[in-house]
Amino acid sequence: MNQMRVKNIFTDESGRKTMEINVLPSKYCTFGCVFCPLGHDGRIKTDKAFHFSETDGFLLSLSEQIDREKPDVLFINSMGEPFSNDQLEDFINLAKSKNIKVSLYSNGYLLGNPEYARLASLCDEVSCEIKAVDEASFQKFQRPLEGCTLEQYLDNMAGFRKNYKGEFVAYICLVKGMNDDPKCVARIRENLSRVNPDRVIVETVTDEKLGKSFGVSSDCLEEMQRAILKD
Ligand code: SF4
């Protein structure tokens, strides 16, 4: 089934009407996280952009849906990396032509690629992820493309952030056995100060099935949220 579509329309925490879309026909990502809610069937692990024949049709129907629903924000939150669609800029331009803001969600690794960074910089808001705290857990839990390292990952996000003029948001996902030990807090804070986001959101794995194996308890979440976000 083609997954390229409007996924949801909701009101975000700032009261903005948000249209959430997926610009990929299936999962394309640089990582293969063991806790990925998208699963692993039919996934393509890649850092490349591809041409998808269904994109033009989706752009047409999206234009009509935007006219009908009149959202404030187009939220590009795909099945993996939105940069894998070689027409990502057309989605950004469509939103701009209708005077709506663009929010882009990425795991952040590809922000080190100049062309992908250029595309991200066209968006009003960019969200990325900070999860593993050391190289061993990055390789074990996030299973990136060969040659990817945590150091490079953090450098890619930090480098993008230095030049980016929009709002940069970091999502910290607490994963059981990976970064839920209170000893990880110092390292998470260090990584955050290196990446320097405008806003930080601390969460855990909530997927119905995966939450049992990888989600942390609400007490642990609250305690670590406090410790990570304290001034
Ligand atoms: S980065 Fe996100 S989409 Fe990619 S494998 Fe990990 S959890 Fe899934």
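Here, each number is a calculation from the coordinates, and none is a lab measurement. Values in this document were obtained by computation on a predicted structure and should not be read as measured data. We place every Cβ from the backbone using ideal geometry, glycine too, and count neighbours over all the protein chains shown.
Just a few scattered comments:
- Ranked by how many other Cβ atoms sit within 10 Å of their own Cβ, fewest first, the residues Leu88, Leu145, Leu122 fall in the order Leu145, Leu122, Leu88.
- Per-residue Karplus couplings for the range 201-213, computed as 6.51 cos²θ - 1.76 cosθ + 1.60 with θ equal to phi - 60°, are listed in order as 10, 9, 9, 9, 6, 10, 3, 3, 7, 6, x, 5, 7 Hz, Gly and Pro entered as x.
- Kirkwood hydrodynamic radius computed over the chain comes to 18.2 Å, based on all pairs of distinct alpha carbons.
- Counted charge near Ala170, where neighbours are those whose Cβ lies closer than 15 Å (Asp, Glu -1; Lys, Arg +1): 0
- Cα→Cβ-extended label distance, 7 Å offset, between Gln3 and Glu190, nm: 3.5 nm
- Stokes-Einstein D (µm²/s) once Rh is taken as the Kirkwood radius of the range 4-130 over alpha-carbon pairs, at 4 °C in 1.567 mPa s: 88 µm²/s
- Multiplying the residue separation of Glu54 and Arg16 by 0.36 nm and removing their Cα-Cα distance gives an extension gain of 10.8 nm.
- FRET efficiency for Ile201 and Ser63, using Cβ-Cβ distance with R0 set to 25 Å, rounded to 0.05: 0.25
- Its DSSP H runs of at least 4 residues, each contributing -39,500 (n - 2.57), put the calculated 222 nm mean residue ellipticity of the chain at -10000 deg cm²/dmol, to the nearest 500.
- Farthest toward positive dipole pole in the chain [+1 Lys/Arg, -1 Asp/Glu at C-beta], among Ile228, Asn156, Phe168: Ile228
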